[in-house]
Amino acid sequence: MTGTSKITRYAIVYSVLSAATFVSIFPFYWMIVGATNTSAEIVKGKTSFGGNLLANIERLLEQVDLGRVFLNSAGLAVAGTLLTLLVSSLAGYGFEMFRSRIRERIFALLLLLLSVPFAALMVPLFIMVSSAGLANTFVAVVLPSIASIFIIFYFRQATKAFPGELRDAARIDGLREWQIFLHVYMPAMRSTYAAATIIVFMMSWNNFLWPLIVLQTPEHKTITLVISALTSAYTPDFGVILVATILATLPTLVLFFVLQRQFVAGMLGSVK
Amino acid sequence: MKKLSTRWGSAFGCLVIGAGMMASASASELTVWCWDPDFNVPAMQDAAARYTKLHPDVKITVNNIAQNDIKQKLQTQLLANVTDGLPDIVLIQDDNAQRFLQGFPAAFEPLSDAIDLKKFAPYKVAAATYNGKSYSVPFDSGVTGLFYRSDYLAAAGYKPADLQDITWDQLIKIGKDVKAKTGHDFFDLDFNEAGLVRAMMQSAGKWFFTADGQLDIIDNAPLKAALETYSKLWKADIVKPVSGWSAYTGAFTSGDVAAVASGAWMTGTIKGSPDQSGKWGVAPLPKLDGIEGATHYSNWGGSSWYVFSSSKQKTTATDFLNTVWAGDIDFYQGILINQGAVGSLLAAREGAAYKASDPFFGGAPVWENFSNWLGQIPSVDYGTFTQEVNSAIQAQLPSIAKGGSVDEALKAINDRVSQQIQ
């Protein structure tokens, strides 16, 4: 009796999990298979590998200066990630560690700002950026994102688990506040930083709307802008688009696998 | 004030530096924004090559940016009143033009004084006319046609002549016969695309607005007739429902459905399956039944070139458009053959490529037909709120397809749009 009910339970669990796996894996499979087929085959719904991969890659290289585009995207994402982590983690640390009467009010105000959609900020932000003479520069892409409220919030929550004794001990050893942050806090929060790295890198690598508005010349194009331009054809070449999509997915994928263990630990909020 | 003075400061700086390198003073550089790497971009590049051959000191750069991205960039920049980084020439789709012209009248350079726009199809010029001036050099025409599989129709006993000068009701009857004989649906339709309804309505010389710009939905007879025809198509059970552009084009290019009503630009997509050569035909659009002023000619899509008034090179830009786009007949033959682009310059149809017959379409003079229809498309005023009405119509399409009341749908469309545009 218990045997059969156990089997039924397993059957249900596994079929639900299999369905979920299929739903998450299939788009990837479709992307990879599509990159090897012609546009006509993709439209007809062919789900097996074809022999058109090289031709698709060739046509992509004809249309796009891929090296330049990748350099732009990578430069923006790396610079954006480093600066965001530095500035936002410092803010998160500060909010938790330093007491002040208006601390909670400022923090509540920040969280409230999270609900303002970017589309509403875009025009004023563009006016600010262009009157500062920064339109069509990479600085303009990175600058507005480095004080990320979400990451500040994330670091403040994680800092709650940072033992105050460590800070006290460091003070007794004669470290200044910035040295404590740099030499004690940052190494101790390694996994939090790793998780935040993945999140921020993904956000800035996939960033579309703001770079679209602020970058004007083809030399500045990022991979997301290139894919958007490829899809704009009246007869889109889906094979080429999927090759570009695979290339655009790879960096975040690699980064995730490299930092996977720390990411999980960071999400669980542990301090080592 | 401070901003102004720094600007003057940097202008002065530039002048000093510029004086130092006088050699390159006469060279000018034009930038163009447009979309579609297979259509608009190569056509513009061809035009640029022709102009720079005549004027070697001009350099023209064509940037491929998606249509929605161009709209987004223009909207933000013009709202922010920042013209830095805008190109000299931009491509805008006709039914979207009035939104920009009326919203930002000073942003675009009127071209009707410098270029003789009478040389173009009148309905294209009308789409870009605001306050008595026209702001664009018309490019591709979305002149509509009914593309059909002649082999499927022959199997049901119909000849190409049977599709000439018919009404939508007659076409539906033909569609039913084709389905009975061949098993193929006649059309495929996507609820997220109301283009067919718009094309039917324009074929009777009507759009969503009255002459003074008021919303005209409830008593709009051509719109009502178009929606009723849409409903009849579904009721006749000759429509395959599809979702998304690739499924939409896939259905007729794979031979799943027998026909598609669309703009001339669809030719390239249809000819993308060379194995179907000789099995296709093109007829004029059927007429709406019982509507005064109904014709066989309409438009679906199509766009035009605009010059920004902020451009430092606007004289060169205008001269470029005037020389090639408003004058070079031979250029139009090239983009017709290479990109399948039907231009709006009426004289272009006298060229050899337009006269040629196409074996893909059973040897018919497809392009000559399209260009003859082009001159007869009724002009309508696309107004500023076409997009709002269009999405309100889309929202009603599923219920109309299920046989819901057209009058109620018109009321719902009217309510939704009036609320939005108050």
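Computed over Cα pairs, the Kirkwood radius of the range A:65-268 leads via Stokes-Einstein (1.567 mPa s, 4 °C) to a diffusion coefficient of 68 µm² per second. Cross-link check: pairs B:K224/B:K402; B:K173/B:K402; B:K173/B:K355; B:K53/B:K124; B:K176/B:K271 evaluated at a Cα-Cα cut-off of 22 Å; pairs beyond the cut-off: B:K173/B:K355; B:K53/B:K124; B:K176/B:K271. Considering only A:G266, A:A132, A:T84, the residue lying farthest towards the positive end of the dipole of the range A:65-268 is A:G266, judged by Cα position with unit charges set on Cβ. Take each residue of peptide B:55-68, count the partner chain Cβ atoms within 10 Å of its Cβ, and average: the result is 3. Its relative contact order, with pairs defined as Cα atoms under 8 Å and 6+ residues apart, puts chain A at 31 percent. The label-point distance for A:V139 and B:K411, in a model that sets each label 7 Å from Cα toward Cβ, rounds to 6.1 nm.
For the range B:312-418, what class follows from the C-alpha gyration tensor (a ≥ b ≥ c being the square roots of its eigenvalues): rounded when a/c is under 1.5, otherwise prolate if a/b is larger than b/c, else oblate? Working shown, then result.
Numbers: a/c = 3.51, a/b = 1.66, b/c = 2.12.
Oblate shape, in that a/c is at least 1.5 and b/c is the bigger or equal ratio.
With the alpha-carbon atoms of the range A:197-257 aligned to their principal axes, the span from lowest to highest coordinate is 37, 28, 17 Å, starting with the largest. The amide H of B:I217, built 1.01 Å from its N in the peptide plane, has no neighbour under 5 Å, considering only residues 5 or more places off or on other chains.
Amide H to amide H distances under 5 Å link B:G142 with B:W300, where only residues 5 or more positions off or on other chains count and H is placed in the peptide plane. Computed over chain A with a Gaussian network model linking Cα atoms closer than 10 Å, the most mobile of A:R261, A:R59, A:R101 is A:R101.
Relative to the first principal axis of the alpha-carbon coordinates of chain B, what is the inclination of helix B:94-103, with its axis defined by its Cα atoms, in degrees from 0 to 90 and to the nearest 10? Relative to chain B, helix B:94-103 is tipped by roughly 40 degrees.
Separation of the range B:214-259 from the range A:169-194 is 66 Å, based on Cα centroids.
Return the loop-located chymotrypsin sites (Phe, Trp or Tyr not before Pro) in the range A:37-128 (DSSP other than H, G, I, E, B) with at most 16 other Cβ atoms within 10 Å of their own Cβ; answer none if there are none.
Listed in order of number, the matching sites are A:F49, A:F98.
Taken about its Cα centre, the range A:65-268 carries a charge dipole of roughly 520 debye when the Cβ of each Lys and Arg holds +1 and the Cβ of each Asp and Glu holds -1. Counting only aspartates and glutamates at least 8 places from B:K232 when in the same chain, those with an alpha carbon closer than 19 Å to its own are B:D169, B:D177, B:D185, B:D188, B:D190, B:E193, B:D289, B:D407, B:E408.
To the nearest whole number, what is the average tally of beta carbon atoms from other chains within 10 Å of the beta carbons of peptide A:124-134? It would help to have the intermediate numbers written out before the result.
Working: counts 2, 2, 7, 6, 1, 2, 7, 5, 0, 4, 0.
Whole-number average of other-chain Cβ neighbours for A:124-134 is 3.
Comparing B:S310, B:S203, B:S379 in a Gaussian network model of chain B, where Cα atoms under 10 Å apart are tied by springs, the biggest mean-square fluctuation is seen for B:S310. Restricting the range A:171-272 to chymotrypsin sites (Phe, Trp or Tyr not before Pro) that sit in a DSSP loop and have at most 16 other Cβ atoms within 10 Å of their own Cβ leaves A:F208.
Using a 10 Å cut-off around each Cβ of peptide A:117-123, what is the average number of partner chain Cβ atoms that fall inside? The partial results should precede the final answer.
On the way: counts 0, 0, 2, 0, 0, 5, 8.
Counting other chains' Cβ atoms within 10 Å and averaging over A:117-123 gives 2.
Each of B:D415, B:D36 was scored by other Cβ atoms within 10 Å of its Cβ. Arranged with the fewest first, they read B:D415, B:D36.
Counting only DSSP beta bridges with both residues in chain B, tell me the antiparallel percent, nearest 5. Present the calculation step by step, with values, prior to reporting the outcome.
On the way: 26 of 41 bridges.
Antiparallel: roughly 65 percent of the beta bridges in chain B.
Each residue of the range B:289-301 was assigned a 3J(HN,Hα) from its phi angle through the Karplus curve 6.51 cos²θ - 1.76 cosθ + 1.60 (θ = phi - 60°); the sequence is 6, x, 10, 5, x, 5, 10, 9, 10, 8, 9, 9, x Hz, with glycine and proline shown as x. Taking a point 7 Å from the Cα of A:F208 along the Cα-to-Cβ direction, none of the residues of the range A:6-45 has its backbone N closer than 14 Å to it. About its Cα centre, the protein assembly as shown has a charge dipole of approximately 2320 debye under the convention of +1 per Lys or Arg Cβ and -1 per Asp or Glu Cβ, with nothing else charged. When each of B:D216, A:D168 is scored by the number of other beta-carbon atoms lying within 10 Å, the sequence from fewest to most is A:D168, B:D216.
Amide H to amide H, with H built 1.01 Å from N, B:K133 comes under 5 Å of no residue 5 or more places away or on another chain.
Report for the protein assembly as shown the percent antiparallel among DSSP-assigned beta bridges with both residues inside it, nearest 5. Could you put the intermediate results ahead of the total?
Working: 26 of 41 bridges.
Among the beta bridges of the protein assembly as shown, antiparallel pairing accounts for roughly 65 percent.
Looking at this model, which pairs from B:K133/B:K411; A:K221/B:K119; B:K287/B:K411; A:K6/A:K46; A:K221/B:K118; A:K44/B:K119 are more than 31 angstrom apart at the alpha-carbon? Provide the component values of the computation, followed by the final result.
Values: B:K133/B:K411 35 Å; A:K221/B:K119 38 Å; B:K287/B:K411 25 Å; A:K6/A:K46 39 Å; A:K221/B:K118 39 Å; A:K44/B:K119 42 Å.
Those over the limit are B:K133/B:K411; A:K221/B:K119; A:K6/A:K46; A:K221/B:K118; A:K44/B:K119.
Of the residues B:Q276, B:F208, B:V366, the one whose Cα sits farthest toward the positive end of the charge dipole of chain B, with +1 on the Cβ of Lys and Arg and -1 on the Cβ of Asp and Glu, is B:F208.
Taking only the C-alpha atoms of the range B:161-300, Rg followed by Dmax gives 15.4, 50 Å. Binning the alpha carbon pair distances of the protein assembly as shown at 10 angstrom intervals from zero yields the distribution 3, 12, 20, 22, 19, 13, 7, 3, 1, 0, expressed in whole percent. Toward the positive end of the charge dipole of the protein assembly as shown, with +1 on the Cβ of Lys and Arg and -1 on the Cβ of Asp and Glu, the farthest Cα among B:P37, B:S311, B:Q422 is that of B:Q422. Long hydrophobic helices in chain A: the complete DSSP H runs spanning 27 Å or more by Cα along their own axis with mean Kyte-Doolittle hydropathy of at least -1.0 are A:2-35, A:66-97, A:238-258. For chain B, the longest principal axis of the Cα atoms and the long axis of helix B:386-401 meet at an angle of about 20 degrees.
Would you mind classifying the range B:263-338 by shape? Square roots of the alpha carbon gyration tensor eigenvalues, ordered a ≥ b ≥ c; an a/c under 1.5 is rounded, otherwise it is prolate if a/b is larger than b/c and oblate if not. Because a/c hits 1.5 or more and a/b fails to exceed b/c, the range B:263-338 counts as oblate. A Förster distance of 56 Å, applied to the separation of the beta-carbon atoms of A:A169 and A:A119, puts the FRET efficiency at 0.75. Each residue, A:M31 and A:V87, gets one label point 7 Å from its Cα in the Cβ direction; the gap between the two is 2.9 nm.
Result for chain B in a Gaussian network model with C-alpha springs under 10 Å: among B:N81, B:N390, B:N40, the largest mean-square fluctuation is at B:N81.
Sort B:T129, A:T81 by Cβ crowding within 10 Å, fewest neighbours at the top.
On the way: B:T129 19, A:T81 24.
Ranking B:T129, A:T81 by Cβ neighbours within 10 Å, fewest first, gives B:T129, A:T81.
Bear in mind these aren't lab numbers, they're just calculated from the coordinates by the rules spelled out. The structure presented is a predicted model; accordingly, all values stated were derived computationally and were not measured. All Cβ positions, even for glycine, are placed from backbone atoms using ideal geometry, and neighbour counts span all protein chains on display.
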